[in-house]
Structure formats: C-alpha cells, structure tokens
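Quick notes on the structure that follows.
The values are calculated or read from the model by the stated rules, or taken from the named source; none is laboratory data. Note that this is a predicted model, so its numbers are computed, not measured. Virtual Cβ from ideal backbone geometry, glycine too; neighbours counted across all protein chains shown. To get the accessible areas, we keep the full protein, side chains included, count just its heavy atoms, and leave off ligands, DNA and RNA. Shrake-Rupley method; radii C 1.70, N 1.55, O 1.52, S 1.80 Å.
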Amino acid sequence: MGRTLILDTSRPHESMDAYLAEPEGTPRGGIVVIQEIFGVNAHIRSVADRFAAEGYVAIAPALFDPVEKGVETGYDQEGMTKGVKMVAELGLLRPQQDVAIAAAWLADTYKVKVGTVGYCWGGTVAALAALRLGLPSSSYYGSRNVPFLTEPAKANVIFHFGERDHSIPPEMVEKHRELKPEMDTWVYPADHGFNCDVRGSYDEPSAKLAWERTLAFFGRELA
C-alpha cells in the first residue's frame, strides 16, 4: 500500500526519507506517524498502512536521518541500545522540526487537516506537536511528556498509558490529568509498547480500544 519518498528539509545537504501510505479516494485527513526508538521499521509502516485503510493519508518520516540514514532495528537488546543512543544524540528539537515538515507536506499536497500519532519516544514528540505546532495528536506511552505539560496547548492530545508500564508510574500519568484536565488520559491493563503486535508486551484488547479512541479523536479533530 505504501511507498518511500524523500522530503526536502531545507537544511544544506540534508534530506529525509519518509514512508507514505495513501487511501483509496479522497483522504479524510492526514496523519504523521511518529516512530518509536526503533526507526521506521515494519511495524511503523504497518501503522501508516492501517490509517490509510481508514481513509487517511499517512506519512512516517525517518526522524533518525539527521544522525544516521536507514535506521530500522528489531525489538531486541541491540535495537534498544542503538535506539537509546540515537534519541540521546538527536534530542527533541530536530524531530519537532521534521514532523512540522512532514505535516506541511501532507497539508500542501493533499489539502487536508493533519494530526500526529506517536509511540514511546514518538509519543512525546507527538505531544509536543500538539502543544507547540498545533497538530492534534494521539500520544502513546510517552515517558518524556511531563516536563512539557505546563506549556499552553495549541491543539488537543489524547494520551494512552499502560498500568503495568514501570517506565511511567501512576504519579506520572496523574500529572497528565492534573496539568491537562481538558484532555483525555486513558490507562489500559497493559505494559509499555502494548500497541506493537511484534513485541512481547503487545496486548490486543488494549491496542484495539486505543485504536478506536484514536480514530474517534481524529474523526473529531480533523473533520
């Protein structure tokens, strides 16, 4: 369903790959799919494909490209170690800029409203896309969200967490409700990474419910 394209970052000698999945017919909106720390791998591409099947045009920019091209790892310890190193080197400002580039490309190319969805590290990038860029976002288990929740929001966010996620304890989840009470914060009987069907922590009922809530959210926000 999808294909790879190259986005112009307007930075000297630097471009960014992206996976694009298009729906049949006129798109009902655009979604920037923001990767975990494992790159734009088969799972992230499948997420973009699922949004396309729901009528959205979806793009997954390769946010690690400024550090290393073509990063696509598995969910083993080697992949985890590399991903942690990549996000430490990359920071959060450049990913925000590149999400904005991908969102603008979707909006200009398809004349649609655009939102974002992100997972893990990408969950925080997605939250920042709403707070700072005005892109409605669905944020899955973003462990880095809390320091930014005091910022005024330019668009809405829906937050998803797993109650068995030791990297995001209950008090961190509660901070989302305390500091962004106008936004939906959902907790599922699951662990970190519960949406990813190639991880041992995958929880099908939780993933299904979060997906339904995410689609309903975008149905409202991108209409």
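Annotations
- Probe 1.4 Å, all protein chains present, accessible-area order of 198, 71, largest first: 198, 71
- Around the Cα centre of segment 92-177, unit charges on the Cβ atoms of Lys, Arg, Asp and Glu (plus for the first two, minus for the last two) sum to a dipole of about 200 debye.
- When each of 111/180; 111/154; 82/154 is checked by Cα-Cα distance, pairs over 23 Å: 111/180; 82/154
- Proximal lysines to residue 85, defined as alpha-carbon separation beneath 16 angstrom and excluding residues fewer than eight positions away on the same chain: 69
- Extending 7 Å from Cα along the Cβ direction at residue 84 and again at residue 109 yields two label points whose distance is 3.5 nm.
- Whole-Å distance, taken between Cα centres, linking segment 102-136 and segment 137-176: 16
- The residue among 192, 63, 169 whose Cα reaches farthest toward the positive pole of the charge dipole of the chain, with charges on the beta-carbon of Lys, Arg, Asp and Glu, is 63.
- Cβ crowding within 10 Å averaged over residues, with 135-142, 124-131, 21-28 ranked highest first: 135-142, 124-131, 21-28
- For the chain, diffusion coefficient by Stokes-Einstein and Kirkwood Rh (Cα), 20 °C, 1.002 mPa s, µm²/s: 125
- Highest mean packing first, where packing is the average number of other Cβ atoms within 10 Å per residue, the peptides 102-108, 162-168 line up as 102-108, 162-168.
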